[in-house]
Structures are given as structure tokens and as C-alpha cells.
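Engineer: Mind looking over this structure? Questions follow.
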């Protein structure tokens with residue numbers, strides 16, 4: 001899978017100002033509304049296979065022309081790990097709950113970690129991994145932020161727009177934005193709390209819904225509690241659908257299955273990187 005928008009290929013040699021300007025342009029091109037080539041209910045659910053794909057393969061998205069209309073969607077989980085100065089990107093593609101492809105790539109990092117500019121540090125490895133795929137996924141769940149970002153251009157947004165691939169950001173911590181109610185408490189499984197843009201989000205009006213805190217797992221008793229995930233649109237997915245997808249793809253763990261499998265695979269392949 002190759003970039004549809006090569007002008008957005010992450011270039012770590014850019015200055016910080018140039019990176020931030022590119023992110024603003026990228027956010028302007030992002031689609032934070034539903035434009036998926038598949039029925040969202042079919043992604044991790046048990047919908048009728050005849051209803052799982054909308055239209056012919058390749059129509060309106062990046063589906064492979066070789067797939068028939070009755071096949072479940074291809075869902076990619078994307079996660080990263082680090083070995084010394086190398087970023088390791090792992091992609092696990094599932095179809096109907098079964099893993100059908102696993103690929104990875106390692107690329108030497110050229111810049112340090114800078115909050116808000118993660119895609120310029122890790123994007124090269126992620127792009128290299130996508131280029132190894134035999135089939136184009138219908139949707140990607142990415143370990144990282146999407147619209148919940150200082151310039152609405154987190155890792156999931158950058159990858160989604162660059163590849164024109166529907167993408168959802170699944171982050172473990174809140175990069176920016178303000179929850180509509182306190183998260184400093186034990187939230188029941190299934191709880192969703194909207195995250196609004198605040199003064200820390202340069203490109204959105206304050207109060208704009210940019211994602212959700214989604215509670216996917218919780219301790220049954222005691223005072224301890226599990227923190228929620230921070231889910232946001234990357235590209236061609238709306239905030240509500242992004243939260244629906246993550247909730248539907250969670251199978252007893254905190255992380256949704258696509259990114260959980262990618263996380264495990266990233267740890268597995270780290271040993272192969274010198």
C-alpha cells in the first residue's frame with residue numbers, strides 16, 4: 001500500500017515550524033466524518049456477510065479488487081516499538097476475527113520524541129510496513145492519537161490522509177483537549193466521555209468534539225480503576241463511529257483486538273532488529 005498523498009510523507013529533516021505547518025495543511029484535508037467502504041457494524045461484529053461491504057471492491061476506498069463482495073472487512077492494527085535508534089512498526093490484519101497477514105518494518109529514527117510530532121519520528125517505519133502488505137485494509141486502528149492533537153493531525157490522521165485510508169486513533173493518554181466530565185473516578189465499562197477542543201488545539205474552535213474517552217475494561221471490585229482509552233477520528237471516520245468501532249473490537253482486554261495484536265507482534269519482532 002503506497003501513499004495517495006505523497007506530499008504528506010513524513011520528512012524528519014523539516015524544521016519544527018515546517019512540520020507544524022504541514023500538520024495544519026493535513027488536518028484541513030482530513031475527513032472527520034464517516035466515509036468508510038464497509039458497514040461499521042461489520043468490522044468486529046456479526047453482521048450479515050452480504051451487508052459487510054458497501055459497493056464493489058475498490059469503490060470509494062482502498063479495498064482490493066481481488067476480493068468478492070461477501071468477504072468481511074480487512075482491519076489493520078498498527079503499533080510501534082523501539083529498539084535503540086530504530087522504530088519498529090507492526091501491522092496485523094484481521095478478517096472476520098482471523099489474522100490473515102502480519103508485516104513489520106524497522107527504520108532508523110532521525111529525530112527525538114517531540115510531543116505532537118510523533119508521525120515524523122515513527123511515520124517512516126509505519127509507511128514501510130504498509131508497503132509490505134499484500135492486501136489493502138479497509139480500516140486501520142492506530143496506536144496513537146487522531147484528531148485529539150494540538151493541530152488535529154495525530155499519528156492516525158497523518159497515516160490516514162497520506163494513504164487515504166479510514167483510520168482511528170487509539171491512545172492510552174490524553175494529549176490535549178478537555179473531558180466534558182471528570183475522568184478521575186471509576187467509570188463503568190461502556191462509559192463514553194466527550195473530549196472537547198480547548199485553547200491547546202490550534203485548529204479547532206473551543207468546544208468542538210474531537211474524540212471520546214472510552215472505558216473498555218474495569219476492575220469489578222476494590223478501589224483500583226482502569227483508565228479509559230482516548231479514541232479519536234483519524235480520517236474518514238466520525239467521532240461516534242470511532243468510539244463504536246473500538247468498543248465493538250474490544251474482547252475482554254483494555255485494548256481493541258487490532259491494536260492489541262499489533263502490540264504483541266511488535267514486541268515479538270523487536271528481537272529481529274539489530
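Each value in this text was obtained by applying a stated rule to the coordinates, not by laboratory testing. Not measured: the values here are computed from a predicted model. Using ideal geometry, Cβ is built from the backbone for each residue, glycine included, and neighbour counts are taken over all protein chains shown.
Engineer: Based on the Cβ-Cβ distance of residue 84 and residue 172, what FRET efficiency does E = 1/(1 + (r/R0)^6) give at R0 = 25 Å, to the nearest 0.05?
Structural biologist: 0.60
Engineer: Right, next: When the helix-only estimate is applied to the chain (DSSP H runs of n ≥ 4, each -39,500 (n - 2.57), divided by the residue count), what is the mean residue ellipticity at 222 nm, nearest 500 deg cm²/dmol?
Structural biologist: So the calculated ellipticity at 222 nm is -6500 deg cm²/dmol.
Engineer: Sticking with this one: Which order do the peptides 86-92, 15-21, 205-211 take when ranked by the mean count of other beta-carbon atoms within 10 Å per residue, highest first?
Structural biologist: 86-92, 205-211, 15-21
Engineer: Something else now. Rg to Rh ratio, the chain, alpha-carbon atoms and Kirkwood radius?
Structural biologist: 0.95
Engineer: Can I ask one more? What's the ranking of 133-146, 183-196, 112-125 by average number of surrounding C-beta atoms within 10 Å, highest first?
Structural biologist: Order by mean packing, descending: 133-146, 112-125, 183-196.
Engineer: Now a separate question. Using the per-residue mean of other Cβ atoms lying within 10 Å as a proxy for protection, in what order, highest first, do the peptides 250-259, 173-182 fall?
Structural biologist: 250-259, 173-182
Engineer: Using just the Cα positions, wrap segment 119-274 in a convex hull and report its mean projected area in square nanometres, one decimal place.
Structural biologist: Projected over every direction and averaged, the Cα hull of segment 119-274 covers 10.2 nm².
Engineer: Taking the Cα centre of each part, how many Å lie between segment 1-35 and segment 141-157?
Structural biologist: Segment 1-35 and segment 141-157 have Cα centres separated by 11 Å.
Engineer: Evaluate the distance, in nm, between pseudo-label points positioned 7 Å from the Cα of residue 111 and of residue 9 along their respective Cα→Cβ axes.
Structural biologist: According to this spin-label approximation, the distance is 1.7 nm.
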